Amino acid sequence: MEIGLGINSMDLDLYEGHIIEDLKNSAITALPEPSGWLEEEIERNIITTTVDKLLNWGRKTSLWTETSFTACCTFEFISTSSSRFDIARFGMEVLRSSPRHADLMITAGTLTWKMAPQIKRVYEQMAEPKWVIAMGACGISGGIFADSYSVVPGYNRILPVDVYIPGCPPRPEALLAGIELLRKKIEKRSISKGK
């Protein structure tokens, strides 16, 4: 059968068949992958990490603080919050008014047995994961009032304390060192192990 312009359909089929066979023969060897530029692009633009490292980085750089100060250590914490010592670099500049928005409790001052249930309730209302810093001699062991019948000999009797900062009262530098210890502890946390 003849297709317009004097071309036989059989000849056209043979011609197209030759073109297809030529393409097949030239396509047998795979084209080389452009991996040189791709590897360079990956090195420049992709960061590999673990979920633990990413979560722990976020947690340690944005500690939201709930304070439980009953005595003189309050003033040392206030000076730590000022521009000279600047706890804003740890993401701690805003103190939380609700324990549900906090993940760090800083405890300081003499704790009485009458006040202990309220402190325990505040701790239980905090979001997981949560940490506790015991600041000062009264927060660690009851201080000079430890022998009194009405004083709890340390916050660790009612709460799990992560970092202890000794002193009466501890200086702002000591509180910053304690915060840095806590941040290092948070870095080592694993979500798969729960610790």
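All of the numbers you see were taken from the coordinates with simple rules; none came from a lab. Small disclaimer: the values here were computed from a predicted structure and weren't measured. Please note: Cβ atoms are built from the backbone with ideal geometry, for glycine as well, and neighbour counts cover all protein chains shown.
Some values worked out for this structure:
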item	result
Segment 147-162 - residue that is closer than 15 Å to MET115 by Cα and of a type in the set (A, V, I, L, M) and, of those, surrounded by the most Cβ atoms within 10 Å (Cβ to Cβ)	VAL152
Residue match in segment 127-138 (condition: free of Cβ contacts under 8 Å to residues at least 40 places away in the same chain, surrounded by 17 or more Cβ atoms within 10 Å (Cβ to Cβ) and not small (Gly, Ala, Ser))	yes
Residue ID - farthest from PRO160 (Cα to Cα), chosen from residues in segment 102-115 that are part of a strand (DSSP E or B) and β-branched (Val, Ile, Thr)	THR112
Every residue from segment 73-97 that is over 24 Å from the mean Cα position of the chain (by Cα) and acidic (Asp, Glu)	GLU76
Those residues of segment 122-150 which are over 20 Å from GLU76 (Cβ atoms), touching a helix residue (DSSP H, G or I) at 6+ places or on another chain (Cβ under 8 Å) and outside any helix (DSSP H, G or I), in sequence order	MET126, ALA127, PRO129, LYS130
